[in-house]
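Okay, structure first, notes after.
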Amino acid sequence: MSENLNPFSIAQAQLDEAAEILQLEPAMHAFLRNPMREFHFLIPVRMDDGHTEIFKGFRVQYNDARGPNKGGIRFHFDETIDTVRALSAWMTWKTAVVDIPLGGGKGGVICDPRELSPRELEQLSRGYMRNIARYVGLTKDVPAPDVYTNPQIMAWMMDEYEMLVGHHEPGVITGKPLELGGSAGRGDATARGGVYVVREAARVLGIDLQGKTAAVQGYGNAGTFAHKLAEEILGLKVIAVSDSRGGIINANGLPAAETIAHKANNGSVGGFPGADSITNEELLELDVTVLFPSALENVITAQNAGRIKAKISAELANGPTTPEADAILYENGVYVLPDFLCNAGGVTVSYFEMAQNAYQYYWPVEMVHERLDQKMTKAFQAVHEMAVAKQVNNRVAAYLVAVARGAQAVRLRGWV
Ligand code: GLU
C-alpha cells in the first residue's frame, strides 16, 4: 500500500496516537481532530495586462481555547485546504508546546508569487485581508509570514486592515517591518529557536557540536538563517545546502555569508564557487551530525527514512517527516526534533511582537534572544522529560505535552 501523504490525515493520525496515550474522552478527541472554523473565498485581482485573475484563498482557525488563533499565510501554487488545515493544527500544538497564550490558525492562497509583479502581489495581499478582516484582529486571529510571504506583504495587509477598521492596530499581524511595529529578532527567530533546541538536544545526547557537520535542505527564511546561526552559535560546519532547484556540497564547509549572497544574486545556490552539485534527495541522506529539513512537507518518507544518517534531524519545516518515516527514524536512533517544537521560535517572537505592539514600547534584540532562549529551552525540557517518562519518540512526546494543555483549556472553558 502506498503511503498516505495528505498532511491533514497525517496531522489527525498523529493526534490519534497522542489521544490514545492520554486517554482523551471521545468527545474531546473528536473536538481536537478538526478545525473549529474555516473560511474559503475568492480574490479577484486586476493583473498588469488588464485581465482579471481569480485566486482562491483560505483561512483556517483550528482551535482558540488557549487564546486568539495564530499562524502564517502561505502563497503557494500547491496550496490545498488540507495542507492549511494540517498547518493550523500544528500551529495549535506549537503555541501550546512553547506555552504562549495563543491558539492555532493558518492561511493560504493558491498562486505562484514568483510570477506576480510587485503591484499584483500587493493587490492580492490587500484582497486577502479584505476577505478575512472581519474574522481577524488581535483578540481573534493574528496572521504572520510563512512560505513565500514576507514583511512587506504583512505591511500591506496591516494597512488594508487598519483602513477598514479606521484605527491603528499593528498587533493584527506579526512579522511586520521594524518601521511599522515589527519586533527586533523576528527575522531569524524560526532558525534561532531551532538552533537553541539543537544545542539542548546535543547536551542530553552528549554530543559536542563544535566542528561537526550539518546540512540544510531548503534555503528560504528558515534555511538561510539556520546556516548562519548553526555556524555562529553552535560552531557547526555546514557542508551542504539546497533550494528548490538543487543543492551544493563542499566537505570543507560552505561559508554562510557568501552562500547567502550567492543565492540572493543568482536566485539559487547552484554554481557556488568551489562546491559540487547535489540533489535534494542526496542531501537528506548525507552522513552529517545535524540535518535541518527547512523547506516543505513530506521530504522524509518511508522511501528514504532508512537511509537518513544524521544524528539529529532538526525540523525547521512544517511536516517534513511522515508517520511511517518517523517510526523508521526512531528505530534507527535518529534523534528527531519535531517541527512544532523545533520551529516554534517564529511564533514565539511573533507573540513578543504582539506584546510590544500592545504597549507600543519596543525591546532590544538582546532581550528578544534571551526570552526566546528561555521559552525554547523550557519547551525542549518538557518534551524531553515526556519522551523519557513515556518511552516514546519526541514527536509523540511533543503531542502529549501540547494536546494535554489544549484539552485542559477546552475543558476549563466547559466546551467539552
Ligand atoms: N509561519 C510561522 C510558523 O509556521 C510563524 C507563525 C506566526 O508567527 O504566527 O510557525
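Each reported figure results from applying straightforward, stated rules to the coordinates on display, with no laboratory input. Model, not experiment: these values are computed from the prediction. No Cβ is skipped: glycine too gets one built from the backbone with ideal geometry, and neighbour counts run over all protein chains shown.
How high is the FRET efficiency from Gln381 to Leu180, r the C-beta distance, R0 41 Å, rounded to 0.05? If you can, show how the numbers build up before the last one.
Numbers: r = 35 Å, r/R0 = 0.86.
Computed FRET efficiency for Gln381 and Leu180 comes out at 0.70.
Once the Cα gyration tensor of segment 221-293 is found, what semi-axes does its equivalent ellipsoid get, as square roots of 5 times the eigenvalues, in whole Å, sorted largest first?
Whole-Å semi-axes of the equivalent ellipsoid: 16, 15, 11.
Compute the whole-percent fraction of alpha carbon pairs in segment 330-385 spaced more than 15 Å apart.
Counting every Cα pair in segment 330-385, those more than 15 Å apart make up 57 percent.
Can you list which of the DSSP-assigned H helices in the chain have a Cα extent of 30 Å or more along the long axis and an average Kyte-Doolittle score of at least -1.0?
Those that clear 30 Å and a mean of -1.0 are 365-390.
Once you compute Rg and the Kirkwood Rh from C-alpha atoms, what is the Rg to Rh ratio for segment 147-275?
On the way: Rg = 17.7 Å, Rh = 16.4 Å.
Ratio value, two decimals: 1.08.
Using DSSP, restrict attention to beta bridges with both residues in the chain and report what percent are antiparallel, rounded to the nearest 5. All intermediate terms of the calculation are to be shown ahead of the outcome.
Numbers: 25 of 49 bridges.
Bridges in the chain that DSSP calls antiparallel: roughly 50 percent.
If every alpha-carbon in segment 99-138 counts as one equal scatterer, what log10 I(q)/I(0) does Debye give at q = 0.14, 0.30 1/Å?
Evaluating at q = 0.14, 0.30 Å⁻¹ gives log10 I(q)/I(0) of -0.44, -1.10.
Straight-line reach only, C-alpha to C-alpha below 18 angstrom: list the aspartates and glutamates that Lys311 could link to, leaving out same-chain residues fewer than 8 apart.
Glu200, Asp208, Glu231, Glu281, Glu282, Glu285, Asp287, Asp326, Glu331, Asp339
Which whole-number value in Å³ per residue fits the convex hull of the alpha carbons of segment 105-210?
Once divided by residue count, the hull of segment 105-210 is 148 Å³.
List the extent of the Cα atoms of the chain along each of their three principal axes, largest first, rounded to whole Å.
So the extents along the principal axes, rounded to whole Å, are 54, 54, 49.
Per the helix-only calculation at 222 nm, which mean residue ellipticity applies to the chain, given -39500 (n - 2.57) for every DSSP H run of n ≥ 4 and division by its residues, nearest 500 deg cm²/dmol?
-14500 deg cm²/dmol
Between Asn265 and Ala13, with labels modelled 7 Å along Cα→Cβ, what's the label distance in nm to one decimal, could you check?
Spacing of the two 7 Å Cα→Cβ label points: 4.5 nm.
Let me check I have the definition right: for segment 1-84, take the eigenvalues of the Cα gyration tensor, multiply each by 5, take square roots. What are those semi-axes in whole Å, largest first?
On the way: eigenvalues 221, 57, 16 Å².
Those come to 33, 17, 9 Å.
Going by the alpha-carbon gyration tensor, a ≥ b ≥ c the square roots of its eigenvalues, is segment 276-416 rounded (a/c under 1.5) or, if a/c is not under 1.5, prolate (a/b greater than b/c) versus oblate?
Oblate, since a/c reaches 1.5 and b/c is not below a/b.
Starting from 0.36 nm per residue, how many nanometres of slack lie between Asn252 and Asn332 once their C-alpha separation is accounted for?
On the way: separation 80, 0.36 × 80 = 28.80 nm, distance 2.73 nm.
So the extension gain works out to 26.1 nm.
Karplus couplings for segment 239-253 from phi (6.51 cos²θ - 1.76 cosθ + 1.60, θ = phi - 60°), rounded to Hz, Gly and Pro as x?
9, 8, 9, 8, 10, 5, 9, x, x, 9, 9, 8, 4, 7, x
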